[in-house]
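Since the structure comes first, as structure tokens, the remarks are kept for the end.
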Amino acid sequence: MGIMKLDMKSYNKIWVISDIHGYHDVFLRIFEKIKLGEKDILIINGDSCDRGAKSLEMYETIEKLVEDGNDIIHVFGNHEDLMVKGIEDGNLFAWYRNGGRETIRSYKKDYITLEKHLKYIKEMPVAVDLGEYFIVHGGIDPEKTIEEQIPYDMTWIRNKFIDFPLLKTDKIVVYGHTPNLDGKIHFVDKQKISIDTGSYDTGVLGAIELNSMEIIYESTDSLNLYVNQAYRKKD
Ligand SMILES: [Mn+2]
């Protein structure tokens, strides 16, 4: 559950996506568009489960894509934290209140697959340090160096990080966790790229490539309550 260090120079394209929340079909569509090549990596920045219908399918697909030779790293999100604590510590109230019911439904009492996914989840890194960029689900404590960060803050922190004007690191932090309800990726300031496009409210997933800053959006075909019409599929 530590910080994974990777050298940006080892990769051609570095794609980051976050907060898929069981929107498996939209993920498949965006993954097809990304066309992950041999020297490319995809970092899934936490929260692949809860709220949406297909959490089991998300972790199964990631496992299969990795088996097929794709370089994919999944960062630990606060919903992975809720899931582990819900199942292993019996802390079901917080999890169910935050979309855990949909996750449990997706497993249809398939406890073997659930156990396998829990093992994978508990081995996830809490952040990926690429040197210039720091990929983390919630953010960082702005008053601490990278070395001083604790997993809880990196997974759960919100306003203190977002509102703080200057970080105690010169890295650019790419984070999810706090949804942008316009369904867009936001360049918040010089050190913060906010990439949670609020899938369960907007129906939109966005992916960003860090060398080119190319951004791809895809959205669900099914009607979302707050769906952003601008990013609905046109056809
Ligand atoms: Mn989330």
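Quick check on H117: is it farther than 24 Å from K13 by Cα and in contact with a Cys (Cβ under 7 Å, 6 or more places away or on another chain)? No. For region 73-131, filtering for residues that are over 30 Å from N211 (Cα atoms), out of contact with any Leu (no Cβ under 6 Å at 6 or more places or on another chain) and hydroxyl-bearing (S, T, Y) leaves 4.
Of the residues screened, D40 is not one that is on the phi > 0 side of the Ramachandran plot, touching a residue at least 24 places away in the same chain (Cβ under 8 Å) and of a type in the set (D, E). Scanning region 163-182 for residues being within 14 Å of the ligand (Cβ to nearest atom), without any contact (Cβ under 8 Å) to a residue 60 or more places away in the chain and open to solvent by less than 60 Å² (accessible area, probe 1.4 Å) gives a total of 2.
Answer yes if at least one residue in region 124-132 is β-branched (V, I, T) and either under 26 Å from W15 (Cα atoms) or outside any helix (DSSP H, G or I) (or both), and no otherwise. Scanning region 124-132 turns up at least one residue that is β-branched (V, I, T) and either under 26 Å from W15 (Cα atoms) or outside any helix (DSSP H, G or I) (or both).
Take the residues in region 183-201 that are surrounded by 17 or more Cβ atoms within 10 Å (Cβ to Cβ) and charged (D, E, K, R); name whichever of them is nearest to the ligand (Cβ to nearest atom). Top of the filtered list is D196. Taking the criterion of being at pLDDT below 95 and farther than 18 Å from N45 by Cβ, the only residue of region 182-198 that qualifies is D182.
Applying the criterion of being open to solvent by less than 40 Å² (accessible area, probe 1.4 Å) and in contact (Cβ under 8 Å) with a residue 60 or more places away in the chain to the residues of region 104-120, the residue that is nearest to the chain's Cα centre (by Cα) is H117. Restrict the check to region 123-136 and report whether at least one residue is within 16 Å of the ligand (Cβ to nearest atom), surrounded by 14 or more Cβ atoms within 10 Å (Cβ to Cβ), of a type in the set (G, A, S) and modelled with pLDDT under 95. No: zero hits.
Quick check: is even one residue across region 146-162 away from the ligand (no atom under 16 Å from the Cβ), modelled with pLDDT of 95 or more, among the aromatic types (F, W, Y) and open to solvent by 30 Å² or more (accessible area, probe 1.4 Å)? No, that holds for no residue.
Where strands (runs of 3 or more DSSP E) sit wholly within region 1-103, none has at least 3 residues that are open to solvent by 20 Å² or more (accessible area, probe 1.4 Å) and at pLDDT below 95.
The values are calculated or read from the model by the stated rules, or taken from the named source; none is laboratory data. Bear in mind that the values here come from a model prediction, so they are computed numbers and not experimental data. Virtual Cβ from ideal backbone geometry, glycine too; neighbours counted across all protein chains shown. With ligands, DNA and RNA removed, areas are computed over all heavy atoms of the protein, side chains included. Shrake-Rupley method; radii C 1.70, N 1.55, O 1.52, S 1.80 Å.
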